[in-house]
Amino acid sequence: MSAPHLALAVDIGGTFTDVVVLDQRTGRFHAHKELTTPDNPARGVVTGIARLFAREALACADVGRIVHATTLFTNALIERRGARTGLITTAGFRDTLEIGHERKYELYDLHLPLPEPLVRRSLREEASERIGPDGGIEQPLDAGSLRAAAARLVDKGVESLAVVFLHAYANPAHEQAAGRILAEAHPGLPVSLSSEVAPQIREYDRTSTTVANAYIKPLADAYLGRLSTDLRELGLRAPLFMMLSNGGLTHLEEAQRVPVQLLESGPAAGALAAAVFGARSGLRDLLAFDMGGTTAKLCVVQGGEPLVAHRFEAGRERRFTRGSGLPLAISTVELIEIGAGGGSIARLDALGLLKVGPRSAGSEPGPACYARGGTAPTVTDGNLLLGLLDAEGFAGGTMRLDAGLAERAVGEVATEGGLATAEAASGIHAVVNETMAAAARVHVAEHGRDARDFALLVTGGGGPLHGCEVARRLGIRRVVCPPAAGVASALGLLLAPARVDRVATLARTLDQLPPEALEAAFQRLEEEAGAVVAATLGPDVPREVRRGADMRFAGQGYEIVAALPPGPYGAASLAPLRDAFLAAYDAIFTRRPPVQGIEFVNIRVSVSAKPPGSSLEPGLAAAPTPVGQRGLRIEGKLVPVPVHARAGLVAGARLQGPALVEDGMSTLVLPPGAVASVEANGNLVVTLPGPRQAADTPLMEHAP
Amino acid sequence: MATAPRAFDPVLLELLWTRLASSVDEAAAALLRTSFSTIVRESHDFACVLADAQGRSLVQATDGVPSFLCTVPRTMRHFLDEYPAETLAPGDVLLTNDIWMGTGHLPDITVARPVFRQGRLVAFAGSAAHAPDIGGRIRTAESREVFEEGLQIPPLKAVRAGVLDDTFARMLRKNTRVPDQVMGDLFAQFTALELMERRLLALMDEYGLDDLEALALEIQSRSERAMRAAIREVPDGTYRGEVLTDGLAQPIRLVLALHKRGDGIVADYTGTDAQVPRGINVCLSYTFAYTAFALKAALCPEVPNNEGAFRPVTVEAPRGCILNSTPPAAGANRALTGHFLPPLILSALAQAIPERVIAGVGSPLWSLNFAGQRADGSTTANHFFMNGGYGASALRDGPNVLSWPSNVSAAPVEMIEQHNPFRVRHRRLRVGTGGRGRHRGGTGQEWLFENRAAGPVAVTFMAERTRIEAAAPGLAGGEAGTPGAVLVNGVAVDPKRQHILEPGDTVELRTPGGGGFGPPAERDPAAIAADIEDGFVA
């Protein structure tokens, strides 16, 4: 029997469970899509693996590692299907969770719904204790009050417990003592401590995070336990790794300890795949743009890595409105979600403006042209009328689109707005593109960057269709369309590094911090994180350690994340540390304030290691297939546009826009003047012409 | 070469408008992230506005604090009176905190930067933000004249062609207790203005716009039409309202007649009590801002904020009444009067459209303000905001503790304790304070602060609805919420006065509950049971 040479990835999404297996000797991969089984998600995983292995005649014994991502826990939060959870806080603060930020996320909506706290008031208790802001113990923990509080909660049927004491980020002693006392009094009851889940200043955000962790912990324990048992029964003995929201892998125990870190594992895998595909074309600064049926997602990839944020919102009352969800202080690949997809509905608003989205026809009834009863004009209807889609070969030929229904739906909004149907169709296309570009622009600017410095990497059904036009609006000149975009997330899992992030709050200024104390604080975090990475990939895999900090000018209220030079720090480190902060500050803001003091709020450590054997073979077909032709009206003239089949393109081929490239699941639109080249790695890389003079001239118009 | 007249079809206008809005959002994000004071950073007490060359607003972020609604463009027009277009140059920044030209109290500093294209003034980028300190007596209502409330800055050119005026900067620094924070926030405002200018010029390049006149006209007239259409849906009539505030020795009466005719609304405050020799007077700009805010929230919240949306609204208040103060009336705590306006407007609208409004809210915004000395003798001052319960409506219970109409959040206890000489002994819901009703009003909250400084600190408050007659009223048969209270060492005190806390002394702020909606007898038994289980009622 040969050494295990297969790597297996499983990504559970809302509709499909993607299974991909990579042969690490050849770089060839095989993929399978299985319907997700929400009642018992492990069943779909096992069935999918069994089918793929049977189809490709693979042996379970040859699998060396298994990597897993899932949206199950996010959905459990959204659908409020978690455990009955109790909360114990410092006396005087049990209502912190419910009082929240006291702000309305939409000021003008008198009737807006607010997210219910995950723990109702009757399940929130208090214990006597007090720790000061410097970590000093001001009042010892009263074990009796803690036991009594826990007993009341357990009597009320609580299945999971969160403990959040004030200033526990500065000194976790009381929470740790509480953990021991509770384990003794209630063995088997899962307990989440804020100092372990989110050791950061700001009590509401920390409470919200710890409670969310407690809420999904029993679910995660049960599911992950079940999955590993089922996989073993299938004959898979290889270790199971989990993708974290930050785009790193970790072993099962770490995932079970703080499952709130798993919430965004699916999207994180997608962003990671984008970074990898981009790097294969030598592009390390990317905007990963994934447009589906309901939403578009955008992630900034910088220096070959997706940006990681340290705040996240789950279970929003209004999906695209910031502040309408539960704040979570976790590391997560930073994605924005935009209410723009193929199903997004076009309408005239009260001001007579053409708006597209965020309301979506979804897949049921779907766009009017699906002929499933939808009558509202959507982005897909517009695209069909523009000639961008093949009515006969949509979704791999599984669906026929009805141009007459699209014409009727778009015609209605056109009449209302005093436009010709063709103008409305190109208007829908332009508006949805500007909506996505505007969101991208603000997002990129929040990082102090300019979109023009990035390439756009497009995935999803809509990414290739809209990518070049979104890029043009952002001033981006290069667009990358990777192969196998349909299972990109699962592929990303196989290429992900092991990564563990750790954070600690210092809340001290640079001149209050002896360098050796700072060094010791970093080393503690590095040892902790390093141990988890070693347990994931083995002690011998080379590790990369990165230091960073949430820093600000003393007195500012928002921190920026600065990458710091490597340690160890000594007296000579003060200047480089200061410079690192100033460099990060200058990169975001144009002016420095007239303030001298610099404060470390949180310090952060990221330890990562690359798994062995992670290269891919594109698997390109050798011979070009015949091209078809479609008519597009471009700037008023009817232009016959060549249609290429993606599978038929050989490495080195060059395509001149205007042209369309179809691959079963999507169509890449090459505008006039664009040049696409097919690279040996399977990527199609598009170079767009320089800035256009009149940006509002529609690029594409209706083909009669 | 002159621009050919452009037609704005629904597509082109949407594209341009989206882009303008995103540039203001970018600027707001930059201001927030570079600001220093708690008040801006945790409480979002600022606004960014893009206006045309005449100072008529085009875009303002929809979620800004209402006190800045319409005020920044008004201030821009005062700037233009003092500094006509021909006296302005690229890189200039105009600045004032004049309360009658600005937002009604001195801490709000309004700045505007003229934007030039090909040598021509095409726009103003503007911003207003609440400075952490502006000298004078600390945020007390006791001032008899504006002169006691701090430094008054007339409209002046604070930045000339990119260079900050040193005389001004030194004067300002000398007149505030926390000069680094004040200057830091001012720089954050300048950063936001620069960003708006860059984005606007890039947009004009891309779309080949030489000026914004046609675009401004289109944006403003469409918004105006939408607002008028929404007003037309309200039955014609005169709807009256009246409210008592805590006031001073005696409550203060605010009187409203809301005349709705066709597609316009006149809010007439004739009959309202006269201005008082205390810092709770309201300038007309602030009266307009909160009147317009309430009307828009009730009638057409989705229409974007710009000049056009507010043209159908007229506000009348006799000169010298407390809603249209005249110099030298003090106004530092104008919110204590002005925040009663939105509930007053809604109570009048309730006569026409009860299902679209909410019961009384435990507003105005409360705060604890303090000044003291650190161990090293340096001065320290800060404010901590907090809110009361929200009003119930035909749809649902009023949420517990929610900021309205100001939308200012409270700072985290852990942040307060890290940076200030206080311990917070508790911060909890004030159960039983929401007005009863078919839908219950939201509860207020209570904060207990202990002075941990080495010496005494002076505290003042923003606190209202502490008299029973000023409680947040119920609607449609719902009961009023419980009034608020301020206690020093456990004893109720006059919240309008300054108090000195010795080390170890405590002060507790108990914010009011919101009003209920509908008769209490109609409350769903399941909701009553849940209230009992969660301890919201006994």
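The values are calculated or read from the model by the stated rules, or taken from the named source; none is laboratory data. Remember, predicted model here, so these are calculated numbers, not experimental data. Counting neighbours? That spans all protein chains shown, and the Cβs are built from the backbone with ideal geometry, glycine included.
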Among B:Glu522, B:Glu450, B:Glu464, which is the only one that is closer than 18 Å to B:His383 by Cα and away from every other protein chain (no Cβ under 14 Å)? B:Glu464
Hits in region B:487-511 (condition: in a loop (DSSP other than H, G, I, E, B), crowded, with 16+ Cβ neighbours inside 10 Å and within 14 Å of chain A (Cβ to nearest Cβ)): B:Thr511
Restricting the search to region B:362-394, which residues are over 23 Å from B:Ile134 (Cα atoms) and in contact with a helix residue (DSSP H, G or I) (Cβ under 6 Å, 6 or more places away or on another chain)? B:Ala394
Residues of region A:574-631 classified as among the small types (Gly, Ala, Ser), in contact with a helix residue (DSSP H, G or I) (Cβ under 8 Å, 6 or more places away or on another chain) and modelled with pLDDT under 65, total: 3
Would you say B:Leu258 is in a strand (DSSP E or B), crowded, with 19+ Cβ neighbours inside 10 Å and within 20 Å of the chain's Cα centre (by Cα)? no
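Need a quick list: strands (runs of 3 or more DSSP E) entirely within region A:60-141 having at least 3 residues that are among the charged types (D, E, K, R) and either within 14 Å of chain B (Cβ to nearest Cβ) or farther than 30 Å from A:Ile12 by Cβ (or both). Let's see the steps before the verdict.
Numbers: elements: A:63-70, A:85-90, A:124-127, A:137-139.
It comes to A:124-127.
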Tabulated pairs, region A:133-144, first assigned by TED's automatic domain parsing to the domain that holds A:Ala91 and at pLDDT 95 or above, second hydroxyl-bearing (Ser, Thr, Tyr) and surrounded by 13 or more Cβ atoms within 10 Å (Cβ to Cβ), C-beta under 9 angstrom, 6+ apart or interchain: A:Gln139/A:Ser128; A:Pro140/A:Ser128; A:Leu141/A:Ser128; A:Asp142/A:Ser128; A:Gly144/A:Ser128
Suppose the filter is part of a loop (DSSP other than H, G, I, E, B), in contact (Cβ under 8 Å) with a residue 40 or more places away in the chain, surrounded by 19 or more Cβ atoms within 10 Å (Cβ to Cβ) and more than 14 Å from every other protein chain (Cβ to nearest Cβ); does B:Ala352 pass it? no
Please find, among B:Pro84, B:Pro5, B:Pro10, the residue that is more than 14 Å from chain A (Cβ to nearest Cβ) and at pLDDT 85 or above. B:Pro84
Checking B:Pro405, B:Pro399 in turn, the sole residue that is more than 7 Å from chain A (Cβ to nearest Cβ), crowded, with 22+ Cβ neighbours inside 10 Å and part of a loop (DSSP other than H, G, I, E, B) turns out to be B:Pro405
If you go through region B:15-27, how many residues are at the interface with another protein chain (Cβ under 7 Å from one of its Cβ atoms) and touching a Ser or Thr at 6+ places or on another chain (Cβ under 9 Å)? 1
Qualifying positions in region A:632-664 - under 17 Å from A:Glu469 (Cα atoms) and modelled with pLDDT under 80: A:Leu632, A:Arg633, A:Ile634, A:Glu635
Sole exception among (1) buried (at least 22 other Cβ atoms within 10 Å of the Cβ); (2) farther than 28 Å from A:Gly266 by Cβ; (3) without any contact (Cβ under 8 Å) to a residue 60 or more places away in the chain for A:Asp109, by number: (1)
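Tally time: how many residues in region A:338-356 are in contact with a Gly (Cβ under 6 Å, 6 or more places away or on another chain), within 7 Å of chain B (Cβ to nearest Cβ), over 13 Å from A:Ala430 (Cβ atoms) and surrounded by 24 or more Cβ atoms within 10 Å (Cβ to Cβ)?
Going through region A:338-356 one residue at a time, the tally reaches 0.
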Would you pick out the residues in region A:26-42 that are of a type in the set (D, E, K, R) and touching a residue at least 60 places away in the same chain (Cβ under 8 Å)? A:Arg28, A:Lys33
In region A:396-411, which residues are at pLDDT 90 or above and either surrounded by fewer than 17 Cβ atoms within 10 Å (Cβ to Cβ) or under 17 Å from A:Gly366 (Cβ atoms) (or both)? A:Leu401, A:Asp402, A:Ala403, A:Gly404, A:Leu405, A:Ala406, A:Glu407, A:Arg408, A:Ala409, A:Val410
Filter result for A:Gly188 (away from every other protein chain (no Cβ under 14 Å), surrounded by fewer than 23 Cβ atoms within 10 Å (Cβ to Cβ) and not in a helix (DSSP H, G or I)): yes
Please verify whether region B:329-346 includes one or more residues that are within 14 Å of chain A (Cβ to nearest Cβ) and either within 27 Å of B:Val178 (Cβ to Cβ) or surrounded by fewer than 20 Cβ atoms within 10 Å (Cβ to Cβ) (or both). yes
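Among the residues of region B:54-98, which ones are aliphatic (A, V, I, L, M) and out of contact with any Asp or Glu (no Cβ under 7 Å at 6 or more places or on another chain)?
Result: B:Val59, B:Leu69, B:Val72, B:Met76, B:Leu80, B:Ala85, B:Leu88, B:Ala89, B:Val93, B:Leu94, B:Leu95.
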Checking A:Arg284 against (1) under 26 Å from A:Leu6 (Cβ atoms); (2) assigned by TED's automatic domain parsing to the domain that holds A:Asn433; (3) surrounded by fewer than 19 Cβ atoms within 10 Å (Cβ to Cβ): exactly one of these is not met. Which one? (1)
State the number of residues belonging to region A:428-458 that are within 10 Å of another protein chain (Cβ to nearest Cβ), surrounded by 24 or more Cβ atoms within 10 Å (Cβ to Cβ) and among the hydrophobic types (A, V, I, L, M, F, W, C). 5
So, restricting to helices (runs of 4 or more DSSP H) that lie completely within region B:160-245, which ones have at least 3 residues that are surrounded by 14 or more Cβ atoms within 10 Å (Cβ to Cβ) and at the interface with chain A (Cβ under 9 Å from one of its Cβ atoms)? B:179-207, B:213-232
Which of the residues belonging to region B:180-193 are within 18 Å of B:Gln60 (Cβ to Cβ) and out of contact with any helix residue (DSSP H, G or I) (no Cβ under 7 Å at 6 or more places or on another chain)? B:Leu193
Quickly run through region A:269-324 and pick out the residues that are within 27 Å of A:Lys104 (Cβ to Cβ) and at pLDDT 90 or above. A:Ala296, A:Lys297, A:Leu298
